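Shown next, in structure tokens, is the structure this report addresses.
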Amino acid sequence: MSKSSKNDAYKQHSLLNRAEEAYKLLKKHLDQDNVVRIISHNDADGISAAGVICNAIARENGKFHVTIVPRLKSEVLDKLSHEKYEIFFFCDMGSAWTKRIGQLKGEAIIADHHQTIDSSEEQEGVVHINPHLFGLDGTRDVSGSGVTYLVARLMNHFELAGLAMVGAFGDMQGNGEITGVNQTILQEGLNKGVLELKEGLKISFLNDEPLYKALTYTYLPPLPGISGDLDGSRGFLEKIGLSTDIKFPELSNEEKDHLKEALIQINPEILGKQYMITALKPPLKNIDDYSSIIDACGKNKKYGVGLSICLGDEDESLTKGMELLKKYHEIILKGVSWIKREGSREMDHIQYIYTEDKDIKGFMGTLANISLDIGLINPNKPVLALSRMDPLIKVSGRTTLKITEKGVNLGQAMEQASNSYGGAGGGHTVAAGAVVPRNNQDNFLNLVDDIVKNQLAE
Ligand SMILES: [Mn+2]
């Protein structure tokens, strides 16, 4: 074992110990029949994280009350401060508010993975689990769902490793190698037989959609000329002599091989590892697809639908979830063709895209990711995706690991720049968010540009 991985194992051990403290606190309250007050984030990771802890509590015959929120802000905590629950459980958020959480009427568990300026300082009655507290990576190596799973696994609910990975995929930790705590969780799932590993074509909804659609909806790995391009996708299939409307399972073995070879020519990464949840059927079986469905629920603000799917409703909620996914795909296609047409506006060290389109507004972070991935915009500069939400501008910042390795930390840049102009923000090195007053949009952009310049120079 190398020195660094030994070190990493020690750090993971410390994180697991903290999770065990949380488990003991939760167990105490479940034994007293207290309702667990769960607050989680509204993205795929946050919804999955809520799913992990709700499932675990339900299986222990416990009771819970969940609220999913877009952001943990002061007003949310004001409301919670009037609630008389004995135990609060924050998923995928909370690390930035340990003090306020310590002042709530009940005890609290925070299961978060975001980096934050606020403290590792301990608060009475609060168990704070966050990889950053132990020198571990929370951007790439574990999600909010993963951190939450570290508590659930102590109740022997190893099958929830699947949902933990759904959250990780939702936070873009599923592309490329699975590393760190995610790898530990994945291995545990594989060892327990609740997860399966397959080698195959990494195409979205491969068995569920006609081929031309499945290919169009595949953004990671990117298929230039096909991803986000219905005509390009049809053209590709026609060129290699396959029917466009056919579904993958209907192809002969020879045709499947032919398709595989043609796709590998475009991007060899299309063939790779896929992770499946043993107990589930498509479209939830493939963790990547499961995550896309929950993401679509989140982006369409149907958090209850997403959470119900995580809680096992494969009828009504899954049907609704698939409708939301369809809508989601249509909006992304609309956005991709817009960016293809107009491109981004480049500054010295960053670039940005801006929309007032009400369909596209909620999807700007995803569009920023896709634009970088499939090469619609300059891959060498971080991109800020701006949506007009009077009187504010909502900003989603995205970049690549290649750029963060050069020293760029978007979370810090956006936190600092938004704070300087009457807004708020923060997040991870590769993905961050902020809101700023609209009249400070240009000042904010210039300051981020400047901070990124300095980060690159350091
Ligand atoms: Mn997260």
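Values computed for the structure shown
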| read-out | value |
| --- | --- |
| Label-zone membership for segment 134-155, site Glu405, 7 angstrom Cα→C-beta point, backbone N under 18 Å | 137-141 |
| Amide H contacts of Lys247 (H built 1.01 Å from N, under 5 Å, at least 5 apart or other chain) | Leu211 |
| About the Cα centre, charge dipole magnitude for the chain (Lys/Arg +1, Asp/Glu -1 at Cβ), debye | 420 |
| Unit charges on C-beta of K, R, D, E only; dipole of segment 343-457, Debye | 120 |
| Rounded FRET efficiency, nearest 0.05, which uses the C-beta distance separating Ile240 from Lys99 and R0 of 56 Å | 0.40 |
| Fewest-first sequence of Ser74, Ser233 by Cβ atoms within 10 Å of each Cβ | Ser74, Ser233 |
| Per-residue HN-Hα couplings for segment 370-385 [Karplus 6.51, -1.76, 1.60; θ = phi - 60°; Hz; x = Gly/Pro] | 4, 4, 5, 5, 9, x, 7, 10, 4, x, 8, 10, x, 10, 9, 9 |
| Sorted by Cβ density within 10 Å, fewest first, the residues Met347, Met389, Met93 | Met389, Met347, Met93 |
| Gain in span if fully extended, Lys198 to Glu83, counting 0.36 nm per residue against the direct Cα distance | 36.8 nm |
| Total lysine pairs under 24 Å (Cα atoms) in segment 343-457, excluding pairs fewer than 8 apart on one chain | 10 |
| Considering only the chain, percent of DSSP beta bridges that pair antiparallel, nearest 5 | 55 |
| Amide H contacts of Val66 (H built 1.01 Å from N, under 5 Å, at least 5 apart or other chain) | Ile38 |
| Taking Asp45, Asp245, Asp390 and counting other C-beta atoms within 10 Å, the order from fewest to most | Asp390, Asp245, Asp45 |
| Note, ³J(HN,Hα) from phi for segment 443-455, Karplus 6.51, -1.76, 1.60, rounded to Hz, x at Gly and Pro | 4, 4, 4, 4, 5, 4, 4, 5, 5, 4, 4, 5, 4 |
| Most to least packed among 147-153, 447-453 [average Cβ atoms within 10 Å] | 147-153, 447-453 |
| The chain - Debye-derived log10 I(q)/I(0), Cα point model, q = 0.12 Å⁻¹ | -1.05 |
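Each reported figure results from applying straightforward, stated rules to the coordinates on display, with no laboratory input. In this text the structure is predicted, and so the values were computed from the model without any measurement. Glycine also receives a Cβ, built like all others from the backbone with ideal geometry; neighbour counts cover every protein chain displayed.
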